[in-house]
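Here's a structure for you.
The values are calculated or read from the model by the stated rules, or taken from the named source; none is laboratory data. Quick caveat: nothing in here was measured; it's all calculated off a predicted structure. Cβ sites come from the backbone with ideal geometry, for glycine too, and all protein chains shown count toward neighbours. These accessible areas exclude ligands, DNA and RNA; they are computed on the full protein's heavy atoms, side chains included. Shrake-Rupley method; radii C 1.70, N 1.55, O 1.52, S 1.80 Å.
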Amino acid sequence: MLVMATILFGLFTSCKNEIPEKKYASSMDIPATVEMVATLTSPPNVPPPTGKRLAKKLIVDMEILEQEGEMTNGVKYVYWTFGGTVPGSFIRTKVGDEVEFHLKNHPDNKLPHNIDLHAVTGPGGGAESSFVAPGHEKVFSFKVLNPGLYVYHCATAPVGMHIANGMYGLILVEPEEGLPDVDKEYYIMQGDFYTKGANGERGLQPFDMQKAVDEKADYVVFNGKVGALTGDNAITANVGETVRLYLGNGGPNLVSSFHVIGEIFDKVHVEGGSIINENVQTTLIPAGGAAIVEFKVEVPGTFILVDHSIFRAFNKGALGMLKVQGDENEAVYSGELRDDIYLPEGGGIQKMPVTGEIPESEIPAKSMAERMEFGKQTYMQTCFACHQAEGQGIPNAFPPLAKSDYLNADVNRAIDIVLHGKTGEITVNGEKYNSVMTAQTLSDDEVANVLTYVYNSWGNKKTEVTPAMVKKVRNK
Amino acid sequence: METYGKTIAVLACVLIFQTIHSQVDMVQIKGGTYIPLYGVDSTAVTIDDFSMDVYPVTNVEYLEFVRKFPQWQKSMVKRLFADGNYLAGWENDESLGDALAPNAPITNISWFAAKKYCECQDKRLPTVDEWEYAAMADENMADARKKESYNQKILDWYEAPKTFDKKIGSTFKNYWGVYDLHGLVWEWTMDFNSVLISGESRKDVDKDSNLFCGSAAVGASDLMNYAAFMRYAFRGSMKANYSIKNLGFRCAKDGIKI
């Protein structure tokens, strides 16, 4: 009664006395009456901000899928997922929300699963009430009490294996007033993977329990696979924009030293909590932990996201890209080296890999058949766009490789062009072409594979190019 | 009274359906003492001699059963005994349709149905201990649990999607002469939920609880036996009226000579 009276009194007198907005002493008291279905997003996307909306009863629908995916070229892996992706769908809530969680285990799945959300205050973080057999759905609800960025994961026995197969994701709890506006928001989560075969070994790779126990990861990746955030999958921003990254680390074992090459984090919500650190180069994200980082991008270019435990980045896959477009700002950074870093034909910094292709080159082809197979993969990645699927090229722009007199005339010249690029006029099958082919960052093996593929396809003269031949040209 | 009822039920099966085709292939499994996954030395379990079906029960065998016992047909079964997924995928009450291979294991079957099927063959479901005891054998050894390759083989199966439509006998014959304990489907056991794990694997460290799971697996007899952890976890997620696409069954019998 007394409370009612106070509120009424407050309402009637608010005009004159400018009583501040109603605040609750505890997030437990925030009412959540209206129902709303939560928007869930696949990485690297995040749902729209909760803004100024009031707390709601939030329905979260999440489906568990066990499905085969590709870790990197030719390496298959059976992922266990929340929502069909690794990491699982991003859940965005606000303090005071009452989340009604529907966990659905697809009938084709082999195993029971559950979910432990670190944002839950309650036994097992929800794991206790969400243990669900294949073909069933469990429903439980919880109130989000503490703002922050939290990991969720499966906690069914054997817990480590469920996490190692990709069963983790992030749930954001925004404070009552919401987070400050930014221009771009992204969802990135690191995880370590353990396969029976070594890094890069092709085929369907089973999970290796012993390597997981020994913490000897074959892959350390962002968003579930090598290359999930590179090339066409890179995240983007424009010069002058503020970028906020929601970062998680699913583990199961390794902690992450998250770093963006060429950026300084203006703000870091340390461990996803309320402490804000400023001007940070590298932030530590524990396994089963998170962080929010924010920075403004002042200059254009490609900024590389890495785990600064650096062999993981260049040898195990923990590498992503943020591509920033816009006008140069030479006061901040002289543009001179900008392109050189990523276009290896220029400048002196030729060795810096721009994608996770390194593991690929470590697998030598063991037979002519393999050389053809690997060569085709490289062709489709590197040459296809200009020279086209059947080597037919593009008239007046890119010369054909099919039945090409120019190609067939001189194998060493062909190797040289792949290694060092070619500019200027050439005549192929009677047609003149004048365009630029950039030098390719390929290993000797890869050059041998791709040229063998080209020479043994589309009516060419069936030369087999060996790594030794490539080496000879490279060292000339 | 209960015994009386049971006798009548069994009798009913026998009297009316003497002609029902039953899986004739059973093998005798010599009893012994073993320490289950969840046990310590003091919890060794002694198994009496028993017989076990060589293969899981197949689609076509179960089809024959429901033809004789209409109360177990897809549209007739009581919801108390089988949930909505019961015999999912069957064309109708008396036909499998083209999607299901006749000689693949029957799945989407509830515990009640599996139990009744076995009773009508004058058999019963195996206990968890019997099943685990028989399933710890590989091709050559009665207890292969320490063999890394054996565990890996089982784990590989757990990660292979959609194995339920393979034919019976397509995996290996184990030491006892039993096929397909690993590699096709999970199997119901008589007391599938007697080893309780709650949904929260890491909490099951209480003194009250038999099974120690996941990261808190300190009490398990073999820390590397993750494959068995997954079986116990699976059983723990079940209720008797559930019907699941990856779950079938086979029958057993007390240790009489066959």
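For residues that are on the phi > 0 side of the Ramachandran plot and modelled with pLDDT of 90 or more, scanning just segment A:209-235, find the one that is most open to solvent (accessible area, probe 1.4 Å).
The extreme case among them is A:Glu215.
Just checking, does segment A:341-349 include any residue being of a type outside the set (S, T, N, Q), closer than 24 Å to A:Lys472 by Cβ and at pLDDT 80 or above?
No, every residue in segment A:341-349 fails to be of a type outside the set (S, T, N, Q), closer than 24 Å to A:Lys472 by Cβ and at pLDDT 80 or above.
In segment B:57-72, what count of residues is obtained for those that are within 22 Å of B:Asn246 (Cβ to Cβ) and either open to solvent by 10 Å² or more (accessible area, probe 1.4 Å) or of a type in the set (A, V, I, L, M) (or both)?
Count: 6.
Please work out which one of (1) part of a helix (DSSP H, G or I); (2) at pLDDT below 55; (3) open to solvent by less than 10 Å² (accessible area, probe 1.4 Å) is the condition B:Leu211 fails and give its number.
(1)
A:Asp181 - would you say it is at pLDDT 95 or above, part of a loop (DSSP other than H, G, I, E, B) and not small (Gly, Ala, Ser)?
yes
Hey, among A:Asn412, A:Asn396, A:Asn429, A:Asn434, which residue is open to solvent by 50 Å² or more (accessible area, probe 1.4 Å), of a type outside the set (A, V, I, L, M) and in contact with a Gly (Cβ under 8 Å, 6 or more places away or on another chain)?
Result: A:Asn434 is the single residue among A:Asn412, A:Asn396, A:Asn429, A:Asn434 that is open to solvent by 50 Å² or more (accessible area, probe 1.4 Å), of a type outside the set (A, V, I, L, M) and in contact with a Gly (Cβ under 8 Å, 6 or more places away or on another chain).
Follow-up. From the list B:Asn108, B:Asn151, exactly one residue is buried (at least 22 other Cβ atoms within 10 Å of the Cβ) and either in contact with a helix residue (DSSP H, G or I) (Cβ under 8 Å, 6 or more places away or on another chain) or in a loop (DSSP other than H, G, I, E, B) (or both). Which is it?
B:Asn108
For the subset of segment A:399-413 comprising residues that are without any contact (Cβ under 8 Å) to a residue 40 or more places away in the chain and out of contact with any Pro (no Cβ under 9 Å at 6 or more places or on another chain), which member is nearest to A:Val454 (Cα to Cα)?
The residue in question is A:Pro400.
Does at least one position in segment A:130-143 carry a residue that is part of a strand (DSSP E or B), open to solvent by less than 40 Å² (accessible area, probe 1.4 Å) and either within 7 Å of another protein chain (Cβ to nearest Cβ) or on the phi > 0 side of the Ramachandran plot (or both)?
yes
When residues of segment A:130-158 are filtered for being in contact (Cβ under 8 Å) with a residue 60 or more places away in the chain and under 15 Å from A:Leu111 (Cβ atoms), how many remain?
3
Counting only residues that are charged (D, E, K, R) and modelled with pLDDT of 90 or more, how many does segment B:141-184 have?
Residues in segment B:141-184 being charged (D, E, K, R) and modelled with pLDDT of 90 or more: 5 in total.
Those residues that are out of contact with any Asp or Glu (no Cβ under 9 Å at 6 or more places or on another chain), in a loop (DSSP other than H, G, I, E, B) and among the hydrophobic types (A, V, I, L, M, F, W, C), I need them from segment A:151-178; list them, please.
A:Met167
I'd like the residue in segment B:124-136 that is of a type outside the set (Val, Ile, Thr) and surrounded by fewer than 21 Cβ atoms within 10 Å (Cβ to Cβ) and, out of all such residues, is farthest from the other protein chains (Cβ to nearest Cβ).
Per the stated criteria, the residue is B:Arg124.
When residues of segment A:189-198 are filtered for being away from every other protein chain (no Cβ under 14 Å) and surrounded by 23 or more Cβ atoms within 10 Å (Cβ to Cβ), how many remain?
4
Assess whether A:Met167 counts as being within 14 Å of another protein chain (Cβ to nearest Cβ) and modelled with pLDDT of 95 or more.
yes
How about segment A:160-172: which of its residues are touching a His at 6+ places or on another chain (Cβ under 9 Å) and open to solvent by 10 Å² or more (accessible area, probe 1.4 Å)?
Matches in segment A:160-172: A:Ile163 only.
Among what's in segment A:209-227 and is part of a loop (DSSP other than H, G, I, E, B) and within 19 Å of A:Val260 (Cα to Cα), pick the residue that is farthest from the other protein chains (Cβ to nearest Cβ).
The selected residue is A:Gly227.
Still on this structure, please answer the following. Taking interchain pairs and intrachain pairs at least six residues apart, which have beta carbon atoms under 7 angstrom, with the first residue in segment B:53-65 and within 16 Å of B:Glu91 (Cβ to Cβ) and the second aliphatic (A, V, I, L, M)?
Every condition considered, the pairs that remain are B:Asn59/B:Leu96; B:Asn59/B:Leu100; B:Asn59/B:Ala101; B:Asn59/B:Ala104; B:Asn59/B:Ile106; B:Tyr62/B:Ile106; B:Leu63/B:Leu96; B:Glu64/B:Ile20.
Let me ask something else about it. Go through (1) in contact with a Leu (Cβ under 9 Å, 6 or more places away or on another chain); (2) without any contact (Cβ under 8 Å) to a residue 60 or more places away in the chain for B:Thr163 and report which single condition fails.
So the condition that B:Thr163 fails would be (2).
Could you tell me which of the residues A:Pro180, A:Pro175, A:Pro206 is of a type outside the set (Gly, Ala, Ser), open to solvent by 10 Å² or more (accessible area, probe 1.4 Å) and within 14 Å of chain B (Cβ to nearest Cβ)?
A:Pro206
If we scan segment A:91-104, do we find a residue that is among the polar types (S, T, N, Q) and touching a Pro at 6+ places or on another chain (Cβ under 9 Å)?
Scanning segment A:91-104 turns up no residue that is among the polar types (S, T, N, Q) and touching a Pro at 6+ places or on another chain (Cβ under 9 Å).
Also, I was wondering about something else. Of all residues in segment A:231-280, which are outside any strand (DSSP E or B) and more than 23 Å from A:Gly191 (Cβ to Cβ)?
Once the filter is applied, which keeps residues that are outside any strand (DSSP E or B) and more than 23 Å from A:Gly191 (Cβ to Cβ), segment A:231-280 yields A:Val239, A:Gly240, A:Glu241, A:Gly262, A:Ile264, A:Ser274, A:Ile275.
Then there is this: Going by the conditions given, is B:Asp98 open to solvent by 50 Å² or more (accessible area, probe 1.4 Å), at pLDDT below 90 and more than 14 Å from chain A (Cβ to nearest Cβ)?
When the stated conditions are applied, B:Asp98 passes them.
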